[in-house]
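**Q** Here's a structure for you.
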Amino acid sequence: MDCFDPFIFFLLLIRLQASGQAPGDNGGWGLESSLSDEGRCNVDIRDVNSITHAEFIHEYAYTKPVILRDITDNAKFRLLCTKTNLLREYSDKRVRLSTANTHSYRKVDVQFKDFVKFLLNPQSEDTLGSDTLYFFGDNNFTEWHSLFEKYKAPPYHLPYTSPAYSFGIAGPGTGVPFHWHGPGYSEVIYGRKRWFLYPPDEAPEFHPNHTTLSWVTHSYPNLELWNRPLECTIRPGEVLYFPDRWWHATLNLDTSVFISTFLG
Ligand SMILES: *[C@@H]1O[C@H](CO)[C@@H](O)[C@H](O)[C@H]1NC(C)=O
Ligand SMILES: *[C@@H]1O[C@H](CO)[C@@H](O)[C@H](O)[C@H]1NC(C)=O
């Protein structure tokens, strides 16, 4: 589906302006190879004026995903995450990459500048997830502390959990195929990230070494209507909450900078 939808494009312009970014500004991370297909959104979206902490706990925390819009202002953190700023601060630091399959086995350490220069590429549809190196999590909190301390995590805590951050950057078409773990939040700082979710007792059919892009292209179109996932694209200023053990797969539509807050 390679269609240009002027309506969606118009909405995108509005949202970028609303979040204080110039249209087309992606923090210098580029928008050349962005995917245009957005699809539908059937996840609840609540903004800061339409939900309280008590409602979040009651309606979503243990029940279903929700997107929280404009719940925190991360404009300062966003500025620190431009390509120029991150390269200035972290060029020579080593980052740990994992293969992008369901059971990420292989880890590879590279210098941040080499990751940005050689590995932050658009994903082609036939590359295996198990052959793709993905930068997300495994962050050295000593080295990245001064950045992470500027991040404002979503304010709604779950009882008996403590938050832990995972930070990442990835190219258009990349993503992590279906997997599950404990509850948490995912926020995009730059770029758009598309989400596909299934409840814990409705495991989707997928190949653990194939990418989300391949699943979206080959498996998704054959799904019966009743078997379609919850899905939505999140943009800067939006945070997706996923409850405990929900299956999820992600697809970065642009070169994306993102941070998750896992509630373990
Ligand atoms: C994290 O960074 C510090 C400071 O550069 C370094 O001493 C430490 O070995 C690193 N930790 C890991 C697990 O790589
Ligand atoms: C997935 O890839 C890993 C690493 O290459 C391999 O060991 C494993 O057998 C593969 N799994 C399947 C189901 O093909």
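Only the coordinates and a few stated rules stand behind these numbers; no lab work does. Owing to the predicted nature of the structure, the values given are computational and were not obtained by experimental measurement. Cβ atoms come from the backbone with ideal geometry, glycine included; neighbour counts cover every protein chain shown.
**Q** Rounded to the nearest 0.05, what FRET efficiency do Ile57 and Phe148 give with R0 = 25 Å and r taken as the Cβ-Cβ distance? Could you check?
**A** Once rounded, the FRET efficiency stands at 0.45.
**Q** Shifting gears a bit: List the lysines whose alpha-carbon lies under 16 Å from that of Lys150, not counting same-chain residues fewer than 8 positions away?
**A** Cα-Cα hits under 16 Å: Lys76.
**Q** As an exercise, identify the trypsin sites (Lys or Arg not before Pro) in region 180-261 lying in DSSP coil whose Cβ has no more than 14 other Cβ atoms within 10 Å.
**A** Qualifying residues, ordered by number: Arg245.
**Q** In a GNM of the chain with a 10 Å cut-off on Cα contacts, which of Ser130, Ser36, Ser166 has the highest mean-square fluctuation?
**A** The residue that fluctuates most here is Ser36.
**Q** How high is the relative contact order of region 96-167, given as a whole-number percent (alpha carbon pairs under 8 Å, six or more residues apart)?
**A** Normalised by residue count, the contact order of region 96-167 is 36 percent.
**Q** Something else: Using Cα springs under 10 Å in a Gaussian network model of the chain, which residue among Asn42, Asn121, Asn139 shows the largest mean-square fluctuation?
**A** Highest fluctuation among the options: Asn42.
**Q** Report, largest value first, the span of the C-alpha coordinates of the chain along each principal axis, in whole Å.
**A** Over the chain, Cα extents along the principal axes are 48, 41, 41 Å.
**Q** Same structure, new question: Hey, can you grab everything whose amide H is under 5 Å from the amide H of Trp247? Only 5+ residues off in sequence or another chain; H modelled, so Pro and N-termini drop out.
**A** Tyr198
**Q** Using a 10 Å Cβ count of at most 12 others and DSSP loop calls, identify the longest part of the chain lacking such chymotrypsin sites (Phe, Trp or Tyr not before Pro).
**A** 161-264
**Q** In sequence order, what are the phi-derived ³J(HN,Hα) couplings for region 82-93 according to the Karplus relation 6.51 cos²θ - 1.76 cosθ + 1.60 with θ = phi - 60°, rounded to whole Hz, with x for glycine and proline?
**A** So the J values, rounded to whole Hz, are 5, 4, 4, 5, 5, 5, 5, 7, 10, 2, 8, 6.
**Q** Okay, next question. Under 8 Å for C-alpha pairs, at least 6 residues apart: give me the relative contact order for the chain, rounded to a whole percent.
**A** Rounded, it is 27 percent for the chain.
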